[in-house]
Amino acid sequence: MASPATVPPTGPSLARAASTTRALFLGGLLLGGKLEQKLLDRVVRKHGSLVSTRVPGFGRTVLVLDPQSVRDMVTCPPGSLISGRGNAVLGFLYGNTSMFLVDGPSHHRLRRLLVPPFRNRDTLASYARIIESVAEDLLDHLPVNKPFALLPELRHSMLEIILQVVFGLTDENRLAPFREAMTELLEISTSNSSGLRDMLRKNYGIRWPRLQRALEKSDGLIYDEIRRRRADPALAEGDDILSLLLRTTTEDGDLLTEKEVRDQLVTLLIAGHETTATTLAWAVELLLQNPQALERLRQSIRDNDDSYIDAVTSETLRLRPPIPVFSREVAEDFELQGYRIPRGTLLVAHIGYIHQRDDHFENPRAFEPERFLAKRPEINYYAPFGGGLHSCIGNHFAALEVRLFLKIMFGSGDFSRSRKAEREKRQTILNLPQKGVRVIYHGRSQARP
């Protein structure tokens, strides 16, 4: 494909789909689950796998439903596509210097800074000890022989991990106020009304007292911690993300500003909390629905073989990606499958739909982790973390969290389902289990009563 940054595309423009097609797409995105797949099938049959429309709040949008276009999006030359506007829906929480909202050199600089601790083997090993400790603590505090929703418990655990790994907090006296403030921030980030409330706040001056209180409380704690840690003589010894950010200098030799540090911390908190908790909850749900897969997972734990556990994680992300779409904005006129896509268009790749294409995956709606044991599918058919320069920086860390929790939960604990299979529920753009995965925990390594 010619570089859109240097060779203007000459292909035809995509015809704009009718408003009924936009309604099908938006309706599916709001509803999720099997109905979404059916609605998108109708869109593809009528208009093909590239669909141009206009989405309120985002303007000209192209819905991408074919694998080759996904590959073109994630392998295009630097600068062709940018991600800031697609992530702006939570910009009021992230902050305007967040890695999710900046592009070009600023994005590259932050990415070079933040990727290493989430990929370095020694650093991940130190984080693994924190994850294992939190997972063991989870088992110690779950209700025994009583039905409960697992997802809220996992959210609490993921928050504990982030507070220790990202913020470097271990003292309960400091953890407690952070835990309370960040929980409020996370509840706002996953509320279906947040986007609308922020639009009304910015465009019409309609007050949002809860947001104001939450930001004042959380920012006060974060900035106090930044200043306290900068004055700590032991700063150079810390391996948490906050310590790394405070030690790092820019190309000009300057330290990151307090605002830059704050925005990256909040971004990592929001991006790494709900998605991992949701993936883990879906993994437990799918395993409990599939006894053969569960027994094979338990055997792999006994054998100390992580390959099947990692296959379970990959298959969960294929069937139930926590965020089923990713977007890129066209920076310069762009060519996609022979069509000219004008500058400013938002490309929305629906990976949840592509992950279940039957032309690549046999029996695509079945939970079969074995399909990931032979080889990993190509990026155009499997992209739960996006791809390219704007792919998720925490994918290795998230996989480590899921792996260690599954090993401890099913290696030491005994779980069963307390209700029928969970339906998918769409909340903002999150793909959640409708009832939070209802389970019964029978205790550690004990026969069920």
**Message:** Based on the alpha-carbon set only, what is the convex hull volume of the range 52-181 divided per residue, in Å³?
**Reply:** 212 Å³
**Asked** What is the order of Ser83, Ser193, fewest Cβ neighbours within 10 Å to most?
**Response** Ser193, Ser83
**Fill in**
For the range 328-340, Karplus-derived ³J(HN,Hα) couplings (6.51, -1.76, 1.60; θ = phi - 60°; whole Hz; x for glycine and proline) come out as 9, 9, 6, 7, 9, 2, 10, 9, 9, 6, x, 9, 8
**Prompt:** Going by the alpha-carbon gyration tensor, a ≥ b ≥ c the square roots of its eigenvalues, is the chain rounded (a/c under 1.5) or, if a/c is not under 1.5, prolate (a/b greater than b/c) versus oblate?
**Reply:** oblate
**Item:** Longest to shortest principal axis, alpha-carbon extents of the range 308-449, angstrom
**Value:** 65, 33, 30
**Fill in**
Taking a crude spin-label model, label points 7 Å out from Cα along the C-beta direction, the Glu370 to Tyr204 distance in nm is 5.6 nm
**Prompt:** What's the extension gain from Asn145 to Glu216 if we count 0.36 nm per residue and subtract their Cα-Cα distance?
**Reply:** 21.5 nm
**Asked** For the range 360-429 and the range 49-122, what is the separation of their Cα centres, given in Å?
**Response** 21 Å
**Request:** Scan around Leu81 for amide H atoms under 5 Å from its own, H built in the peptide plane at 1.01 Å from N, and keep only partners 5 or more places away or cross-chain.
**Result:** Ala331
**Item:** Mean ellipticity per residue at 222 nm, deg cm²/dmol - from DSSP H runs of n ≥ 4 across the chain, formula -39500 (n - 2.57)
**Value:** -17000 deg cm²/dmol
**Asked** Once label points are set 7 Å from the Cα along Cα→Cβ at both Arg42 and Arg129, what is their separation, rounded to one decimal in nm?
**Response** 5.6 nm
**Asked** Based on the Cβ-Cβ distance from Arg54 to Lys425, what FRET efficiency comes out when R0 is 22 Å, to the nearest 0.05?
**Response** 0.25
**Asked** Roughly what % antiparallel, to the nearest 5, for the DSSP beta bridges in the chain?
**Response** 80 percent
**Asked** Among the trypsin sites (Lys or Arg not before Pro) within the range 203-276, which fall in a DSSP loop and have no more than 10 other Cβ atoms within 10 Å of their own Cβ?
**Response** Arg207
**Message:** Using the Cα centre of the chain as the reference point, and only Cβ charges (+1 on K/R, -1 on D/E), how large is the resulting charge dipole? Debye, rounded to the nearest 20.
**Reply:** 1760 debye
**Asked** So which trypsin sites (Lys or Arg not before Pro) in the range 358-449 end up in coil per DSSP with only 13 or fewer other C-beta atoms within 10 Å?
**Response** Arg365, Lys375, Arg419, Lys420, Arg423
**Fill in**
Long-range amide H partners of His350, meaning residues 5 or more apart or on another chain whose placed amide H is closer than 5 Å, are Val64
**Asked** So, counting K/R as plus one and D/E as minus one, what does the shell of residues with Cβ under 15 Å around Arg42 add up to?
**Response** +3
**Request:** Write out the GluC sites (Glu not before Pro) in the range 345-449 meeting two conditions: DSSP loop, and at most 15 other Cβ atoms within 10 Å of their Cβ.
**Result:** Glu362, Glu370, Glu378
**Message:** Cut-off is 10 Å between beta-carbons; in what order do Glu315, Glu132 appear when sorted fewest neighbours first?
**Reply:** Glu132, Glu315
**Request:** Run the quick spin-label model on Arg444 and Glu180: label points 7 Å from Cα toward the beta carbon, then report their separation in nm to one decimal.
**Result:** 3.1 nm
**Item:** Nonlocal Lys pairs with alpha-carbon distance under 28 Å, the range 19-444 (8 or more apart, or different chains)
**Value:** 23
**Asked** What list of ³J(HN,Hα) couplings, whole Hz, do you get for the range 362-379 from phi and the Karplus terms 6.51, -1.76, 1.60, once you set θ to phi - 60° and write x for glycine and proline?
**Response** 6, 6, x, 9, 8, 8, 9, x, 4, 5, 9, 7, 6, 7, 7, x, 5, 4
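None of the figures in this text is laboratory data; all of them are computed from the coordinates on show. The structure displayed is predicted, hence computed values, not measured ones. As a convention, Cβ positions derive from the backbone with ideal geometry for all residues, glycine included, and neighbour counts pool all protein chains shown.
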